[in-house]
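To keep things clear, I will list the structure first and then write my remarks on it.
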Amino acid sequence: MTKLPTNWTGRDDAMVEHMIRRGASRRELLKMLMASGVAAAAGGSVLLRASTALAATPVMGGSMRAAGWSSSTADTLDPAKASLSTDYVRCCSFYSRLTFLDEAGLVQMELADTIETDDAQTWQVRLKPGVLFHDGKTLNAEDVVYSLKRHLDEGVGSKANSLAKQMTEISKVDDLTVKIVLESPNADLPTILSLHHFMIIADGTTDFRTANGTGAFVCEVFEPGVRSVAVRNPNYFKGQGPYLDSFEFIAIPDNNARVNALLSGDIQLAAAINPRSMRMLEGQPSVQASVTTAGNYTNLNIRLDMEPGARADFVEGMKYLVNREAIQQSVLRGLAEIGNDQPVPPANRYHNPNLAPRAYDPEKARFHFEKSGLLGTEIPMVASEAAGSSIDMAMVVQQAGAEVGMNLKVERVPSDGYWSNYWLQSPVHFGNINPRPTPDILFSLLYASDAPWNESHYKSERFDQMMVEARGSLDEEKRTAIYWEMQEMVANEAGTIIPTYISNVDGISSRLHGLRPNPLGGMMGYAFAEHVWMDA
Amino acid sequence: MPRSLLPWLLVLQRLGIALLTLVIVSFAVFFATELLPGDVAQILLGQAATPEAVAGLREAMGLNEPALQRFLGWLIGMVVGGDMGTSYVNQMEVAELVSGRLGNSLRLAGVTTLVSVPIALALGIGAAMWRGSIFDRAVSVLTISVISVPEFMVATLAVLIFAVWLGWLPALSYGANVDSITAMLKAYAMPVITLSFVVSAQMIRMTRAAVIDTINTPYVEMALLKGASRSRMVLRHALPNALGPIANAVALSLSYLVGGVIIVETIFNYPGVAKLMVDAVSTRDLPLIQSCAMIFCVSYLALITIADMVAILSNPRLRK
């Protein structure tokens, strides 16, 4: 018999399942459960329940309908222009990439057979032979050269232009080999090639009214802003999958309407549902939640180059004042993992597990505030709906501040224009960062001295040097050691407080199986279609 | 000039004014769009919008000409050849983008009209005939409460009850997959009910007021004094004179059905033109914005013009 605490819910089941999939050991899980008040015996049965949910054999056939949360006439089948989950889902089902990231965040080969380098600067990509496009053409090096070079052409409007710029030479060696030369060594190239924008299209493609790819599904209908219908690709090169005969993708922007459609059985997957809607799913046998913590976070930024952040004690005090457990439990209703003030999430293979999150300690906070001489001064914190959950988080911090005599004021501003007028500008403000697959991308975007989005205006020469060193190194152990140290530096020196990594929750029908979390985002990194199957 | 031509002359004059209105609206929409921050290249690039990338994309999309020049080009193409242009965002013909969704919108509007207009007229006239009765009060209270409840509330409640709890109807309505009469009835049931709630309430109240107005005139009182029955008095003597205002109320309510149903389109995931217009504005897609605005304007003007024509032609003083 399962003995669970009375307040145990489906949400907790989903969290446990998520941890197991991420590779947490039984010991770690039990520790986590004990911490939240579950007796050891009951903890064991929870684990058993979650693990049986994972094992099953795929069933062929059937069709499903999935709903994302945004869709417009700007929907595109051009992977370079893909900008939203809706585009990613479609691109993943119609096209393939050279590589992809698996659940553990490790690079796996997709269209590429091997990717080799000696110096992390000159790369040889060998393609799998005999891969067919939907129109019958065989994949060769020209297709890859064309697909990658497009990103450099500004007329294409590629979203990955800044990442692609480091590829100074992309050329065909023979029919199945491509040479890529980088501006400077970057060992992350295989991971970068797994991004959705670097899907491979046929040489010379300019018309994207339909998709001609090598993916698991063939595009049958594509109406931007309305829907797409995909049917199984009989010639799919992977040999296994897809299991569905067809799948339809639509978008329902309204959260309640999306959940209702899932509950009524009109759709089998509702992406990114609001944690507040979880109550509607609980107690419904026909639906369940699939939780992914990919690394999206809402953070509190204190600019170090101006008052009050220029006083180190103020920043230190704030780090102790943020009650991470309260934010996780009450603001995000348990659907989050505690963060340790640095941007590399636990799902990433370079995450530093030894770096413990700062514990909530009002006494220490008060000590530091007093030392900074700011105790009692009114300090505004800018929050907005634009940065998800930031208003609620600000309230938690404000409350804690009031208890130690720190006068923090929540300044709520409109979403419209938040990113250009307040984010990166205000002395103390909230931000929201989407997951990125490598520490290098995160650090060069957010923490390098010349980073375009340096939220706290953190500057450290040593940090910059370490970043370049790790980027060019092919020695995994050395890279890991450097990245671990950089995470410590960010956590202790930068002014960005990252209290939690927010989980993404997809609502799925109980008839749908095979969905597993992926570090590239919800819905299995948007690539669920080829992996899932429906009960007959 | 023969007197019998006068009403037609008035109708012709209305059509001329309607055309002029279209051109003025088109300019107004253009200038309003120009006030919005950002252009299509910046919006499409989003976070990746570096100045070079934006300039490159603008060049490639042919957006380097001044906006006014592009707009005038579009307007001339529209007036001369009826060419709606090409969408900036996805390079599809605007006509192609619009046609399917306009069909959906018109179908939804048509079904809603067929359901709501007869009901609204019957209830409104009934309430006027038996003014002060229990029936009249019930109708009044009901319409007031329906006007006060926002449509997203009606729609969401309807979905919760009929789709989630009872499981009778689908939660989503597609324009596409209605292959049988039952499927179609099911798909349209909830959006049509929701929209009927919104549009009927106004029509009922306006009809009631217009009929009561004419009932209060001396000549209808005269009919009553001469011994006409209550229903003959209302239907034969009062109603024809109330037709003008009623037609206008109906037209106003119905014009809402083409462009104003964004909430219903969103909640039931119904691909109509209202959502298309919102998409167009959020991506600053000028040809699509203009084309949608023209469609809304034409449908509005058409309805109002028809209502005016009904008013003119039903006016006994002009009919003779």
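With unit charges on the beta carbon (Lys/Arg positive, Asp/Glu negative), name the residue among A:ASN434, A:ALA251, A:HIS151 whose Cα is farthest towards the positive pole of the charge dipole of chain A.
It is A:ALA251.
Nearest 10 degrees is fine. How inclined is helix A:362-372 to the longest principal axis of chain A, computing both from alpha carbons?
On a 0 to 90 degree scale, this one is about 80.
State to the nearest 20 debye the size of the charge dipole of the stretch A:159-300 about its Cα centre, where the only charges are +1 on K and R beta carbons and -1 on D and E beta carbons.
340 debye
Just need the relative contact order of chain B here, percent rounded to a whole number, with Cα pairs under 8 Å and 6+ apart.
28 percent
What Kirkwood hydrodynamic radius, in Å, does the stretch A:104-154 give when the mean of 1/r is taken over all pairs of distinct Cα atoms and then inverted?
12.8 Å
In whole Å, what is the distance between the alpha-carbon centres of the stretch A:330-354 and the stretch A:89-164?
30 Å
Distance in nm between label sites at A:ASN354 and A:LYS165, each 7 Å beyond Cα in the beta-carbon direction?
The answer from the label model is 3.6 nm.
Project the alpha carbons of chain B onto their principal axes and report the range along each, largest first, in whole Å.
84, 65, 35
Along each of its three principal axes, how wide is the spread of alpha-carbon positions in the stretch A:153-262, in whole angstrom units, largest first?
Computed over the stretch A:153-262, the largest-to-smallest principal extents equal 51, 33, 28 Å.
Looking at the stretch A:191-245 from every direction and averaging, what is the projected area of its Cα convex hull in nm²?
About 5.0 nm², averaged over all directions.
Please give every one of the lysines within straight-line cross-link reach of A:LYS159, meaning a C-alpha to C-alpha distance under 22 Å, and leave out same-chain neighbours fewer than 8 residues apart.
Qualifying lysines at Cα under 22 Å: A:LYS81, A:LYS149.
Assuming 0.36 nm per residue, please report the length gained on full extension of the stretch B:ARG236 to B:LEU313 beyond their Cα-Cα distance.
26.1 nm
Tell me the Kirkwood radius of the stretch A:302-356: reciprocal of the mean inverse pair distance over distinct alpha-carbon atoms, in Å.
Every distinct Cα pair counted, the radius reaches 13.1 Å.
What is the mean number of Cβ atoms from other protein chains located within 10 Å of the Cβ atom of each residue in peptide B:91-100, rounded to a whole number?
That works out to 2 on average.
Determine Rg/Rh for the stretch B:73-152; Rg is computed over alpha-carbon atoms and Rh is the Kirkwood hydrodynamic estimate from the same atoms.
Reported Rg/Rh (Cα atoms, Kirkwood Rh): 1.29.
Taking Cα atoms, how many degrees apart are the long axis of helix A:476-493 and the longest axis of chain A, rounded to 10 and kept between 0 and 90?
40 degrees
Across the stretch A:272-288, in residue order, what do the Karplus-derived ³J(HN,Hα) couplings come to in whole Hz, using 6.51 cos²θ - 1.76 cosθ + 1.60 with θ = phi - 60° and x for Gly and Pro?
Those phi angles translate into 6, 8, 5, x, 5, 7, 4, 4, 5, 7, 5, x, 9, x, 7, 9, 8 Hz.
Once Lys and Arg get +1 and Asp and Glu get -1 on their Cβ, which of A:ALA400, A:TRP453, A:PRO353 lies farthest toward the positive end of the dipole of the stretch A:297-502?
About the Cα centre, the residue reaching furthest to the positive side is A:ALA400.
Checking the cross-link filter: which lysines have an alpha carbon closer than 24 Å to that of A:LYS319, excluding same-chain neighbours under 8 positions apart?
A:LYS364, A:LYS371, A:LYS409, A:LYS459
Under a point-charge model restricted to the Cβ atoms of Lys and Arg (+1) and Asp and Glu (-1), what is the dipole moment magnitude of the stretch A:267-392 relative to its Cα centre, in debye to the nearest 20?
300 debye
If one computes the Cα centroid of the stretch A:179-217 and of the stretch A:472-524, what distance in Å separates the two points?
So the two Cα centres are separated by 23 Å.
Hey, what's the per residue convex hull volume over the C-alpha atoms of the stretch B:1-116, in cubic angstrom?
182 Å³
Based on the Kirkwood radius over alpha-carbon pairs, what value in µm²/s does the Stokes-Einstein equation return for the translational diffusion coefficient of the stretch B:135-213 at 10 °C and 1.306 mPa s?
The Stokes-Einstein estimate is 112 µm²/s.
Based on the Cα atoms of the stretch A:297-502, what semi-axes does the equivalent ellipsoid have, where each is the square root of 5 times one gyration tensor eigenvalue, given in whole Å with the largest first?
27, 18, 17
Could you tell me what fraction of 2.2 N^0.38 Å the Cα radius of gyration of the stretch A:279-321 comes to, as a two-decimal ratio?
2.13
In bins 20 Å wide, starting from 0, what share of all Cα pairs of chain A does each bin hold, as a percent?
21, 54, 24, 1
With +1 on the Cβ of every Lys and Arg and -1 on the Cβ of every Asp and Glu, and nothing else charged, how large is the dipole of chain A about its Cα centre, in debye rounded to the nearest 20?
1320 debye
Rule-based calculations on the coordinates, nothing more; no lab input. Note that the coordinates shown come from a computational prediction; the quantities given were computed from them, not determined experimentally. Virtual Cβ from ideal backbone geometry, glycine too; neighbours counted across all protein chains shown.
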